[in-house]
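The values are calculated or read from the model by the stated rules, or taken from the named source; none is laboratory data. Since the structure is predicted, the reported quantities are computational estimates derived from the model, not experimental observations. Using ideal geometry, Cβ is built from the backbone for each residue, glycine included, and neighbour counts are taken over all protein chains shown. Ligands, DNA and RNA are stripped out before the accessible areas are found, and what is left, the full protein with its side chains, is counted by its heavy atoms. Shrake-Rupley method; radii C 1.70, N 1.55, O 1.52, S 1.80 Å.
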Amino acid sequence: MEPLPLVSIILPAYNEAENLAMAVQKIAEQTELLHHQFQFELIFVNDGSSDQTLTLLRELHQKHEKWVHYVSFSRNFGHMSALRCGYDHSRGDAVICMDADLQHPPQYIPVFLEKWREGFEIVYTTRQDDESTGWFKRNSSRYFYGLMNRFSDVHIEPGAADFRLLDRKVVNLIRNSQESDLFIRGFIPWVGFRQYAIPYKPDQRFAGQSKYTLRKMLRLALNGITAFSVRPLRIATFLGSCISGMAFLYALYALYAHFVLKETVQGWTSVLLSVLIIGGLQLLTLGIIGEYLGRLFLQAKGRPPYIVQESTLPPKTT
């Protein structure tokens with residue numbers, strides 16, 4: 001008799017001590033319904049939490065030693081690094097990622113697995129916001145996806161979340177990627193394969209507050225744009241060409257006015273505007289170039305995307 005397929009469920013956790021026990025309980029309610037079809041392992045990734053998250057993870061592992069595991073970082077490395085760590089250490093034929101705050105409803109786990117068995121290598125969700133969702137969350141999400149899709153070469157469906165299932169072949173692509181700062185949310189649509197989208201409405205957080213601020217959203221968008229597109233560099237080149245063309249025409253006019261019309265070019269306003277526009281464009285272009293050079297600098301150093309301090313899983317294999 002062939003062994004049942006193993007499904008890994010990974011949950012990044014940063015200061016989520018109040019949610020951990022309930023998350024295990026809610027996920028167990030769904031996996032119990034499928035225990036004749038699948039095996040399950042639950043992997044928490046403690047992203048350098050400053051509360052009692054690690055202590056509670058130890059207790060949960062002792063209580064559910066057969067299927068609840070954790071990986072703990074030496075410090076906070078960020079959500080994307082925690083996701084990557086979960087994929088690196090997962091052993092399942094299929095891997096499901098969800099948040100530990102229970103905003104990603106565990107009742108979608110059977111739906112994911114049903115679609116996976118139908119042959120879809122990627123089953124992802126798109127969040128459907130309503131009036132109960134906060135103003136900041138709705139608008140920051142809309143601007144994030146709008147900015148990403150306008151400037152990036154990959155299209156990320158608005159509302160696409162990290163709540164998804166990946167087949168082992170896709171997980172292996174993430175594990176084998178050489179990018180030090182991999183933007184997983186953009187990497188998923190880039191790889192292709194058969195994908196299926198499931199709309200969902202997020203549940204309320206069981207406890208605690210969201211860790212995604214506007215600053216983190218903007219940083220994530222900038223990371224995604226520079227990771228998957230050189231379009232900002234091309235836009236800077238285009239703007240530079242336009243401004244240079246206008247400056248050249250203005251210089252011709254100034255020469256004509258001076259030598260032909262015998263008029264002295266006067267007016268500090270026009271000079272000031274020219275200097276400000278050209279200077280601002282130069283600084284903007286240097287900033288864009290700096291972002292790309294920064295990515296190359298970080299990549300060249302070859303530092304790991306995270307450091308594991310403690311784990312109940314065996315070391316990852318390549």
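Hey, among the residues in segment 309-318 that are modelled with pLDDT of 70 or more and in contact with a helix residue (DSSP H, G or I) (Cβ under 7 Å, 6 or more places away or on another chain), which one's least open to solvent (accessible area, probe 1.4 Å)? So, considering only residues that are modelled with pLDDT of 70 or more and in contact with a helix residue (DSSP H, G or I) (Cβ under 7 Å, 6 or more places away or on another chain), the one least open to solvent (accessible area, probe 1.4 Å) is Leu313. Pairs are defined by a Cβ separation below 9 Å, a sequence spacing of at least 6 or placement on different chains, a first member in segment 14-33 that is free of Cβ contacts under 8 Å to residues at least 40 places away in the same chain and on the phi < 0 side of the Ramachandran plot, and a second member that is assigned to a helix (DSSP H, G or I) and not aliphatic (A, V, I, L, M); the pairs so defined are Ala17/Thr53; Ala17/Thr55; Ala21/Glu59; Ala28/Pro106.
Can you say whether His89 is modelled with pLDDT of 90 or more and not β-branched (Val, Ile, Thr), as far as the supplied structure shows? Yes; evaluated as a whole, the condition is true for this residue. Please work out which residue is nearest to Val45 (Cα to Cα), limiting yourself to segment 290-306 and to residues that are surrounded by 14 or more Cβ atoms within 10 Å (Cβ to Cβ) and modelled with pLDDT of 75 or more. Across segment 290-306, the extreme among qualifying residues is Tyr306.
When Phe120 is tested against (1) in a helix (DSSP H, G or I); (2) modelled with pLDDT of 90 or more, exactly one condition is not met: (1). Out of Glu29, Glu65, Glu118, one residue alone is open to solvent by 20 Å² or more (accessible area, probe 1.4 Å), among the acidic types (Asp, Glu) and touching a helix residue (DSSP H, G or I) at 6+ places or on another chain (Cβ under 9 Å). It is Glu29. Strands (runs of 3 or more DSSP E) fully within segment 38-97 that include at least 2 residues being in contact with a Pro (Cβ under 6 Å, 6 or more places away or on another chain) and of a type outside the set (Ser, Thr, Tyr): none found. Among the conditions (1) loosely packed, with under 14 Cβ neighbours inside 10 Å; (2) at pLDDT 70 or above, Ala161 misses just one, which is (1).
Using the structure shown, decide if Arg175 is of a type in the set (Lys, Arg) and modelled with pLDDT under 75. So Arg175 does not fit the description; no. Of all the numbered requirements in (1) under 20 Å from Asp167 (Cα atoms); (2) in a strand (DSSP E or B), Leu4 misses one, and that requirement is (2). With respect to the conditions (1) open to solvent by 20 Å² or more (accessible area, probe 1.4 Å); (2) farther than 29 Å from Leu173 by Cβ, Asn19 falls short on a single one, namely (1). Residue-level analysis places Phe151 outside the set of residues that are hydrophobic (A, V, I, L, M, F, W, C), modelled with pLDDT of 80 or more and open to solvent by 40 Å² or more (accessible area, probe 1.4 Å). Considering the conditions (1) within 25 Å of the chain's Cα centre (by Cα); (2) at pLDDT 90 or above, Thr55 is excluded by exactly one of them, (1).
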